[in-house]
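Just below is one structure, and these are the notes that go with it.
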Amino acid sequence: MATRNVVFPSGRQAIYERDRYSPAIRSNGFLFVSGQVGSDADGSPEPGLEAQVRLAFNNLNNVLAAAGSTFDDVVDVTVFMVDPESKFETIWKVVPEFWGKAPYPALTAVGVTWLNGFQFEIKVIAKLPEAGLPPGNG
């Protein structure tokens, strides 16, 4: 089996080692990012739904940056929301702060009953920039 090409953002490796998963894996020109939640450096949930969504996006952006990528390189997004019927509008008013301009990535939204104390999680697949091209143009 080939060794996984793991990407670790600065300052969070202990969380990934404790929970036994990789934040992201590079493979065949793509970056597969594990679900990111609005957790503080110690792994605890950020209080408040809007703040938790913003922190999840910031944590995601830190993983992307560690791979030399940005949200502009994201081609596929999956979001998980606890009780989306009551929380969707609050969550979705934060999204434009991070989403960028059209064309947007493909999206799947999933309602779930449990996210280990979190209300929102986002996982993505990004096309890694080609050598010599700035992030967002790969």
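Observations on the model:
- Set N58, N28: member being among the polar types (S, T, N, Q), on the phi > 0 side of the Ramachandran plot and either over 11 Å from the mean Cα position of the chain (by Cα) or open to solvent by 50 Å² or more (accessible area, probe 1.4 Å) (or both): N28
- Positions within segment 31-46 being open to solvent by 20 Å² or more (accessible area, probe 1.4 Å) and more than 15 Å from L115 (Cβ to Cβ), in sequence order: F32, D40, A41, D42
- Residues in segment 95-112 include at least one that is aromatic (F, W, Y), touching a residue at least 12 places away in the same chain (Cβ under 8 Å) and either within 28 Å of N5 (Cα to Cα) or out of contact with any strand residue (DSSP E or B) (no Cβ under 8 Å at 6 or more places or on another chain) (or both).
- Exactly one residue out of A41, A106, A56 is of a type in the set (A, V, I, L, M, F, W, C) and within 18 Å of K127 (Cα to Cα), and it is A106.
- Annotation: of all residues in segment 1-25 being open to solvent by 40 Å² or more (accessible area, probe 1.4 Å) and in contact (Cβ under 8 Å) with a residue 40 or more places away in the chain, the one that is farthest from K127 (Cα to Cα) is S10.
The values are calculated or read from the model by the stated rules, or taken from the named source; none is laboratory data. These figures come from a predicted structure and were not determined experimentally. Positions of Cβ are backbone-derived with ideal geometry, glycine not excepted, and every protein chain shown enters the neighbour counts. Ligands, DNA and RNA are excluded from the accessible area calculation, which covers all protein heavy atoms including side chains. Shrake-Rupley method; radii C 1.70, N 1.55, O 1.52, S 1.80 Å.
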